[in-house]
Each structure stands twice: as C-alpha cells, then as structure tokens.
1. How much of the accessible area of segment 159-233, in percent, comes from carbon and sulfur atoms when a 1.4 Å probe is used?
2. Can you work out the PRE-style zone for residue 245? Point 7 Å along Cα to Cβ, and I want the residues of segment 189-215 with backbone N under 13 Å.
3. Once both labels are modelled 7 Å past Cα along the beta-carbon direction, what's the residue 223-residue 38 spacing in nm?
4. If each of residue 146 and residue 179 carries a label point 7 Å out from its Cα toward its Cβ, how far apart are those two points in nm?
5. Taking the Cβ of residue 158 as the center, what net charge do the other residues with Cβ under 15 Å away carry, scoring Lys and Arg +1 and Asp and Glu -1?
6. What is the calculated FRET efficiency for residue 237 to residue 54, with r their C-beta to C-beta distance and R₀ = 25 Å, to the nearest 0.05?
7. What lysines sit close enough to residue 231 to cross-link, taking a C-alpha to C-alpha distance under 24 Å and skipping anything fewer than 8 places away on the same chain?
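The values are calculated or read from the model by the stated rules, or taken from the named source; none is laboratory data. Since this is a predicted model, take the numbers as computed values, not measurements. With ideal geometry, Cβ positions are generated from the backbone for all residues, glycine too; neighbour counts draw on all protein chains shown. Accessible surface is based on the protein model in full, side chains and every heavy atom, while ligands, DNA and RNA are left aside. Shrake-Rupley method; radii C 1.70, N 1.55, O 1.52, S 1.80 Å.
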Amino acid sequence: MNNALLYLGGLVILALSALFAVPYFVDWNSYRGVFEDEASRMLGRDVRVGGSVNLHFLPSPYVRLEKVRIADTAGALQEPFFRTDAVTIRLSVAPFLRGQIEAHEMELRRPVLRLAIASDDTWNWQSFAASWANAAYLPTNVVLSSVTIKDGVVALHGADGQERAVYEGIAAELSSPALEGPYRVRATYGKAGAERDLRLATAKPEADGSVRVKATLRAADTATSYALDAKVSDLTRKIRIEGELSAKLPFAGL
C-alpha cells in the first residue's frame, strides 16, 4: 500500500513538473497560423496575430496573444475593425477540469474598436451573428468572470469611412455567466477631471432575439446624468430601440 502511494505521488509530481516545464520547451508561435485560421473561420473575417503566442498551465492556465488584429469587411475603413496590443486569458482550474471554460480573468491592453455604419443603416459588427450561427464549432458553457479593458478606444465611422467621433482612455470591466448574456459593464472614459461614468446591464435575449437594456451615464464635471431603460431589437438588421430616456441637466442660476 505504501509503495502504491509512493508511486502515485511520484506520478503526480512528474505530471506537475511536466506542466511547469513543457510550455518553456514548446514554441507556441509555430501554432500562430492554426489560431489565425480557426479564429478567421469562426468570425467570418481575417484574424492575424502579429506578436508572440504564450501558453502556460501552472500555477493557473493562461494564454497570451500579442498584437491581435481583426479585419473589417465593409471595405470603407482603412484600419482594422479591432486591434489590441495584447490579450491575456486566465482560465479557472476547477471548471476547466470539468470541461467548462471559465475565464477567471481576461485582459485587453490598449484595444481599439472601430464601429462603422453603412448606407443601409446596418453596422459592421452585425455580420458576426451569421458567422457564429454557421460555425462548425463553438465553445459551450463559457463563463466570463472578469474582462478588463485598459486604455481602450472606441471610434465611430460613417458610411464613407470617415471618423465621426472617438472615445479614448476607456477603462472597463465586463462580466457574464454565458456568451449569450446577461452582461454587466462598468466603464469610465475621457480626460482626467472630465471623466464619464457608464453602467450598463442587459438581460438574456428573449425568444424573438430582443434584449432588455438598462444604462446610466454620468459626467463628473457637470453633474449631468442620463438613464436609459429600453428594449433593443433587430440586432442583425436595422436596430430598433424602444424605451425611456431620462436626463438630469444642471442650469446656471437655479
């Protein structure tokens, strides 16, 4: 019995040692093309990783991809639809052993998202729904415990590709128990002393695909605030928003 326990302990130590050592001896950059091909097939647009690919199993499994680019399909934009300096995804060990993917922590460093509207009032992100619906494989039981965005940028473009508005200095945290939602978002953006604070929450999609959304936006420097309670529908076509928008606006002298 004691010998059996010793053998078992030795195997466990050997396995743990391998998990520590293997990532350092494997050139994960050689698998960059595999990731790019699979991601491109899943998203329906070209995905490229211009930097290093790193994978580690212990003390907690995580993968880091540097200089990730996702192309735009509309053709009007001169820049990628999405790019980020680095993506780091940390997986929770216990759910991982049960076959469930739980991102204990995901960090996007300096992400830039460019949203463009077309002449038919559709947006350049709406094609993702069709691509995901036709994908041969999609992960199930995905939990996003914490998605952190550092120094992010969101730019809005018109049908001609010209930039209409840009929001910089975005710091945000997103969480969701499943890919389909519900989602919770806490974010700030803007320059120091004039930050804007955003809180957003969604419900799970209803049978017709519509989603209930509640959001508040506050301006720290002017005491202005907005609140939205609405139903968003036709997410893959011309988006419709029905609900109530209220505002609190300060007036000088009152």
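1. Numbers: 2440 of 4440 Å².
Carbon and sulfur atoms account for 55 percent of the accessible area of segment 159-233.
2. 215
3. 5.5
4. Placing both labels 7 Å beyond Cα along the Cβ direction yields 2.4 nm.
5. On the way: positive: 114, 164; negative: 72, 79, 120, 121, 160, 163.
Net charge in that neighbourhood comes out at -4.
6. 0.05
7. 204, 214, 248
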